[in-house]
Amino acid sequence: MQVSSELLDLQTGADVASVAAWTDRYTHAVMDTFGPPQRVLVRGEGCYVWDADGRRYLDLLAGIAVNALGHAHPTLTAAISAQLGTLGHVSNFFGTPTQIALAETLLSKAQAPEGSRVFFTNSGTEAVEAAFKMTRRMGPGRVLALEGAFHGRSMGALALTSKQAYREPFEPLPGGVEHVPFGDTAALEAAFSAQAVAERGPVTALVVEPLQGEAGVRPLPPGYLAHARTLTADAGALLVLDEVQTGVGRTGSWFAYQQPEIGGGVVPDVVTLAKGLGGGFPIGAVIAYGERAATLLGRGQHGTTFGGNPVAAAAALATLGVIERDGLLQQVHDVGAQLREQIELCGSSLVREVRGRGLLLAVVLNAPVASEVAAQALEAGLIVNPVAPDAIRLAPPLILTADQARDAAAFFAALSLPTDAPTDTPTGQEA
Ligand SMILES: Cc1ncc(COP(=O)(O)O)c(C=O)c1O
């Protein structure tokens, strides 16, 4: 088989243009929604990536919590290639063994009750979009979401997202969404109160991230989700957990809510997944728990051309399989705890604290200099993310080793508080 040699050159990095030359071509060809790329990357292996100038980076972001198995993982590569070489795509008029097995595997990891079902998508926002449509099937009423929430950029997901700068240019957004203050149990109770129901209608669903990712890796207060479960159950409303960022082992369990300290033993009605699920291959999923949630979307009421594509399903099965086979949930727990402790104790005057869970962490700084720190990290060969003015997000591959975590901590140890920096910055919020 003769692959176009030009494409092969692009894929193998044999097309030896510099980062600067590629960046110039990018700015003339790719829509400017993300700003210019920080680097143009040509290959990856494990927890490292290389740019077009041949510089190596320790990837502590993993494509924003996506590359669960790192880069070019042989099992993932083989699974995708084998599926593509057998049956690459069918319409949803047909089923495939990989799609069916993936649905069964997710239901089993979720310990979902009898009658539960899965809907597949290609991304996180589409998973949230499907969940949002499910909430509409509960009848007229209010859908609650939290301040600081990020649920995606498509119109429904954007209606659930709270950040004004993301919302305003696209209004009017779908209505019926009410944002309640983050982690505030009394405010949540008020939103479910008889008075609120009389004035504004019943609550049909609460959509919530077990740990807010884009808002700066902010955990909910202990007991919040359990209380939310009680309130939603009493109101006959859905509890929708958006685990697009926190799911698939990221926090040290298959889903973050499964950790008693986070979920308090709740069984949700709906969970959305994406990001890490395909290990880098685009796939999302909605898990509907129990028959009531699983039958909200009837035949013809929702659909997708690519969702549940057999190649994506094979990628997800391989990713879940390697996480299980290689004991990565335990590794995330152990290496995450080590990384957290080493950064917390690194002695830098700039580091205030580390928050988060497993390998979804934010290093909170004593000054709003996260962008500068991220640029410095890149120069030093580390990819991190300034998720808030005063917070650096770390979401490395789940295969991160203890040695690599030590290298990450060493970078933070070498930082110091700039002498002219204001120190009374609020934490979190503006990503
Ligand atoms: C919690 C959460 N939900 C939804 C999304 C949207 O996912 P995607 O970017 O795949 O559309 C994200 C992305 O960051 C997310 O963190």
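The figures follow:
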{"read-out": "Helices (runs of 4 or more DSSP H) within the stretch 109-216 that include 3 or more residues within 16 Å of the ligand (Cβ to nearest atom)", "value": "124-136, 155-160, 164-167"}
{"read-out": "Extreme residue, nearest to Pro386 (Cα to Cα), among residues of the stretch 217-237 that are within 16 Å of the ligand (Cβ to nearest atom) and assigned to a loop (DSSP other than H, G, I, E, B)", "value": "Val217"}
{"read-out": "Condition met for Leu241 (within 15 Å of the ligand (Cβ to nearest atom) and either among the hydroxyl-bearing types (Ser, Thr, Tyr) or within 20 Å of the chain's Cα centre (by Cα) (or both))", "value": "yes"}
{"read-out": "Residue within the stretch 268-275 that is part of a strand (DSSP E or B), over 21 Å from Gly183 (Cβ atoms) and either among the aliphatic types (A, V, I, L, M) or more than 12 Å from the ligand (Cβ to nearest atom) (or both) present", "value": "yes"}
{"read-out": "Selection from the stretch 229-276 of residues that are farther than 30 Å from Asp334 by Cβ, crowded, with 23+ Cβ neighbours inside 10 Å and of a type in the set (A, V, I, L, M)", "value": "Ala237, Leu238, Leu239, Val240, Val270"}
{"read-out": "Tabulated pairs, the stretch 318-344, first touching a residue at least 12 places away in the same chain (Cβ under 8 Å), second assigned to a helix (DSSP H, G or I) and among the aromatic types (Phe, Trp, Tyr), C-beta under 9 angstrom, 6+ apart or interchain", "value": "Gln342/Phe412; Ile343/Phe412"}
{"read-out": "Filtered residues of the stretch 168-185 (kept if surrounded by 15 or more Cβ atoms within 10 Å (Cβ to Cβ), touching a Leu at 6+ places or on another chain (Cβ under 8 Å) and without any contact (Cβ under 8 Å) to a residue 24 or more places away in the chain)", "value": "Leu173"}
{"read-out": "Every residue from the stretch 275-302 that is in contact (Cβ under 8 Å) with a residue 24 or more places away in the chain and on the phi > 0 side of the Ramachandran plot", "value": "Lys275, Gly279, Gly280, Gly290"}
{"read-out": "Residue match in the stretch 193-202 (condition: buried (at least 22 other Cβ atoms within 10 Å of the Cβ) and touching a residue at least 12 places away in the same chain (Cβ under 8 Å))", "value": "no"}
{"read-out": "Filter result (within 16 Å of the ligand (Cβ to nearest atom) and either among the small types (Gly, Ala, Ser) or more than 12 Å from Ala127 (Cα to Cα) (or both)) within the stretch 283-307", "value": "Gly284, Ala285, Phe306, Gly307"}
{"read-out": "Residue match in the stretch 255-262 (condition: more than 16 Å from the ligand (Cβ to nearest atom), touching a Ser or Thr at 6+ places or on another chain (Cβ under 6 Å) and part of a helix (DSSP H, G or I))", "value": "no"}
{"read-out": "Residue in the stretch 342-349 that is farther than 22 Å from Phe281 by Cβ, among the acidic types (Asp, Glu) and surrounded by 15 or more Cβ atoms within 10 Å (Cβ to Cβ) present", "value": "yes"}
{"read-out": "Helices (runs of 4 or more DSSP H) enclosed by the stretch 1-79 - at least 3 residues per element that are polar (S, T, N, Q)", "value": "5-12"}
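Every number here is computed from the coordinates shown, using simple stated rules; none is lab data. What you see is a predicted model, and the numbers here were worked out from it, not measured in a lab. A quick note on method: Cβ atoms are made from the backbone with ideal geometry, for glycine too, and the neighbour counts reach across all protein chains shown.
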